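All remarks here apply to the structure that follows.
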Amino acid sequence: MKSEKLKTFNYSIGMFGTSIPINLLKTFGFAYYVDSLGVTTAQWASMMLIYTFIDAVDNLVYGYLSDRTRTRWGRRRPWLVIGTPLLVLGLIMFYSTPAGLEGNSLYIYAMLLYIFTGTLDSVINANYGALFPELFTTDASRAKANALRQAFQLVAMIISIALTPMVVDALGWSATAIVYGVLGGVVILYMSLTSHEKPVTEEEKKPELWDSVKTLLTNRKFWVAGVTNAFYSAGMALVLAGLPIYAKYTLGIGSGQQSLLFGGVLLVAIASVAVWANWVKKYELVRVWRAALGVLAFSYIPLFFANSFYVALGCAMLVGFGFAGVITTMDLIQARIMDEDQAKHNVRREGIISNALGFMNRLNGLFTSVAYALVGTLFGYVSGEVPGPQPGMAARFLLTVFPFVMMILSLGVSFLSGFERVAAGNREEARS
């Protein structure tokens, strides 16, 4: 029992490490480069679009190489150990812009570093995600491990999102990136060195690239889960990116209250993870998943009408409740897809599926790039230097309107497949 708890802790804390760098990159990159340094919304939208297509290629390749890796350290550990310091380096360079860069030079620098850091995040998260169904094989053990790792993710979000405005005020962007990068990197390495994979022999069948691609392309559940997650991720990405300018232009609050706004969302989410995990044990997973998508979708409606800090805080907490439900259930849905694929085809390719689902998740860049472009077209918001006549409404659009549309689409797509339970034994154990 003690060893099982330690295994769960060692793996779950990895989510704390993986979350800190990417949260800083994706939540504050827009505010740092567009609102502070003068990159335009059109440039940022094009950057997101280019990154999405690059990510489409690299995700599948990383998963394929990871599944075929055979070393005495395992399949995933070498990728995690090598990729982590490079991820930290990319984050630090992204927020350490050389003096004198402006115009197209600044845009190109931001794009190259965003792509470099983002692709290394793909490496880390795909290998981390591939370990999940391998280490935890039942719905019950997965629900426990996932609840803990999502709690760690939310703690990481409090640090890397809620506290960041105050940390940046005290340290500056570059020093903040160094602190967050090193902290996240150390935790990822700890997880990598203490989570033990199942041994893989040279004789075990290796997945073939084109066979895997064909199998995924014809797997309806993969497409439904992937597209559902892409819409959801687009909505949440815009919420996180939009909160800083929403706080500045719509609410007119400083960094302290901005941190409280972020923190309120995340504290509610932390408290709610256990509630959603308990519902997963009592009720059908897919129904709980869809309920979470619905709650998150409709939580954006009252937030649109918030016009003061305290009203916004209360509305944002409802977003946190729905957010907790989605992150508690989404990974369990994806693990089920991996289980069914292995049972049907007798080959272990968690890395390919994890990376492919990760790519589908990153399709949100297609949707967020549209949102950023619309902000400029509809409201005249170009950058912090040229915020246009309606920066407050531009922020509301990013934070609530577009995410609401994304979540309605996410909920609708989730009904396109049944996602039958894998086995009756898992159902009974999940309820015990």
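Here are a few things to note about the model shown:
- Counting lysine pairs in region 2-431 that sit 8 or more residues apart in sequence, or on different chains, and whose Cα atoms lie under 19 Å apart gives 16.
- The length gained on full extension between Ile108 and Leu209, counted as 0.36 nm times the residue separation minus their Cα-Cα distance, comes to 33.1 nm.
- Net length gained if the chain between Asn307 and Val182 were fully extended (0.36 nm per residue, minus Cα distance): 41.2 nm
- At least 20 Å along the helix axis (C-alpha) and Kyte average at least 1.0, DSSP helices within the chain: 77-94, 173-194, 220-245, 285-305, 364-379
- Equivalent ellipsoid dimensions for region 1-138 as semi-axes, Å, which come from the Cα gyration tensor, largest first: 33, 16, 12
- Distance between region 1-45 and region 273-311 - C-alpha centres, whole angstrom: 22
- Label-to-label distance, nm, for residues given as Leu366 and Leu86 (7 Å Cα→Cβ offset): 2.7
- Distance between the pseudo-spin-label points of Tyr190 and Thr218 (7 Å out from Cα toward the beta carbon): 4.6 nm.
- Candidates Gly294, Gly365, Phe305 compared by Cα position along the dipole of the chain: farthest toward the positive end lies Gly294, with charges placed on Cβ.
- For the chain, a crude dipole built from +1 on the beta carbon of Lys and Arg and -1 on the beta carbon of Asp and Glu, taken about the Cα centre, is about 980 debye to the nearest 20.
- Debye log10 I(q)/I(0) for the chain, one point scatterer per Cα, at q = 0.14 Å⁻¹: -1.35
- Fraction of C-alpha pairs exceeding 18 angstrom in region 138-240: 73 percent, rounded to a whole number.
- Placing unit charges on each Cβ (+1 for Lys and Arg, -1 for Asp and Glu) gives the chain a dipole about its Cα centre, and among Ile50, Leu112, Gly325 the Cα reaching farthest toward its positive end belongs to Gly325.
- Approximating the spin labels as points 7 Å out from Cα along Cα→Cβ, the Val386-to-Gln342 distance works out to 5.4 nm.
- Residue-count net charge about Gly384 - beta-carbon cut-off 13 Å; Lys, Arg +1, Asp, Glu -1: -1
- Full-stretch length increase - Phe9, Arg72 - with 0.36 nm per residue and alpha-carbon distance subtracted: 20.3 nm
- Cα gyration tensor category, rounded, prolate or oblate, for region 163-213 with a/c compared to 1.5: prolate
Throughout, read-outs are computed from the coordinates displayed, never taken from laboratory work. Bear in mind that the values here come from a model prediction, so they are computed numbers and not experimental data. So basically every Cβ, Gly included, is an ideal-geometry build from the backbone, and we count neighbours across all protein chains shown.
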